[in-house]
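Data block below; observations after.
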Amino acid sequence: MGVADLVPGVSGGTVALITGIYGELLESIKSIDGNALKTLRRDGISAAWCAINGSWLTTLLAGMLTSAVLLAGLIDYLLNAYGLQLWSFFSGVIGASAVLLLRRYRPTYWHHWFLLIFGVHAALALSTLPPMALQGGYTSLFFAGSVACCAMILPGLSGTLILVALGLYPTIIAAIAHFQLDILAVFGAGGILGLLLFSRLLSWLMRVHQTALMATMCGFLIGSLNLVWPWRYRPEFADEPSSPVGMINLLPKQYTELAQIDPATTECLAFALLGLLLVAGFDYVSLRSEG
């Protein structure tokens, strides 16, 4: 999840979904509430820690932070040196995730199909929005943290891409690089509030309208394939070189003609297949553990 959240266009929520921890993630975040504070006052730290699934959340957060710190340089290198292969791998992961989830949560009513199509169009619309120009004030940072962190737990929606669309991606990256604690604190506070509120909504939807929610998320996943298509070309007039926003998707032959770069079609297909097999393996292990 930490690696996925580093890449604009890829969501950590997708990884949580395909690895089978999504439900527990939502329930654990949701459990951080007033009842947990009452348990802390009444029964002590140990009981409150168990009530919020603290060990599980801490382990997950530690893994995300560790991977983000240790692998950020590697991901940046791979995006620049082997971008076609890496985006092909992500395409395979996301495409296979959508197929397997639709098989597991089959749409049965017309409104399920409507939500699936809505999710596709919503993700496509987000990926084609031009970057906004929000000022880096504390109010904007708090709002951006809330929205971006909500997106990070939604499969198919990238929190990093949200920051790009809001025009605050360079601000946050610079704050991380230079340890600007005031910016990071405000952004993090917004993110925590967004997660605590949004996780309750998603948890309720998972219990009451699970198939409808999964249909919408599968739509997000399918729509996000537009952002991870390997053969993308950026016109000379486009801004934000670090962002998928503003790129156009091409066929391998068109990519060769415009970009003057070998499309590495065979390698890309192999890495897409690798992503597909990885998801199939996670799904198999998840089903075995459930059954």
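Brief remarks on what is shown
- Shown here is the pair-distance distribution of the range 173-224: with all Cα-Cα distances grouped in 10 Å bins from zero up to the longest one, the shares run 22, 29, 27, 20, 2 percent.
- Heavy atoms of Trp229 accessible to a 1.4 Å probe, total area in Å² rounded to 10: 90
- Extension gain, Leu201-Glu267: 0.36 nm per intervening residue step, less the Cα-Cα distance, totals 19.6 nm.
- The chain: angle of helix 83-104 to the longest principal axis, Cα-based, in degrees nearest 10: 50
- Whole-number percent relative contact order across the range 1-160, with pairs defined as alpha carbons under 8 Å at least 6 apart: 44
- R0 of 22 Å, Cβ-Cβ distance Thr58-Leu193: FRET efficiency to nearest 0.05: 0.65
- Solvent-accessible surface ranking, highest first, for Phe90, Phe142, Phe179 at 1.4 angstrom: Phe179, Phe142, Phe90
- Across the options Ala48, Tyr169, Trp110, the greatest Cα extent toward the positive end of the charge dipole of the range 17-172 (unit charges at beta carbon of Lys, Arg, Asp, Glu) belongs to Trp110.
- Rounded to the nearest 500, the helix-only mean residue ellipticity at 222 nm of the chain stands at -24500 deg cm²/dmol, with each DSSP H run of n ≥ 4 adding -39,500 (n - 2.57).
- Relative contact order, whole percent, for the chain stands at 31, derived from Cα pairs under 8 Å and 6 or more residues apart.
- Placing R0 at 41 angstrom, the Cβ-Cβ distance between Leu78 and Trp110 gives a FRET efficiency of 0.45 after rounding to 0.05.
- Based on every Cα atom in the range 58-117, Rg and the maximum pairwise Cα distance Dmax equal 17.1, 46 Å.
- In Å², nearest 10: area of Glu24 left accessible to a 1.4 Å probe: 80
- Charge-dipole axis of the range 1-100 as Lys and Arg at +1 and Asp and Glu at -1 on Cβ define it, positive-most pick from Ile21, Ser31, Ala68: Ser31
- Dipole magnitude of the chain, debye to nearest 20 (Cβ charges: Lys/Arg +1, Asp/Glu -1, about Cα centre): 860
- Taking the convex hull of the alpha carbon positions in the chain and averaging its projected area over all directions gives 16.8 nm².
The values are calculated or read from the model by the stated rules, or taken from the named source; none is laboratory data. Just so we're clear, the structure is a prediction, and the values are computed from it rather than from any experiment. Ideal geometry is used to build each Cβ from the backbone, glycine not excepted, and the neighbour counts take in all protein chains shown. When the accessible area is computed, the model is the full protein with side chains, heavy atoms only, and any ligands, DNA or RNA have been set aside. Shrake-Rupley method; radii C 1.70, N 1.55, O 1.52, S 1.80 Å.
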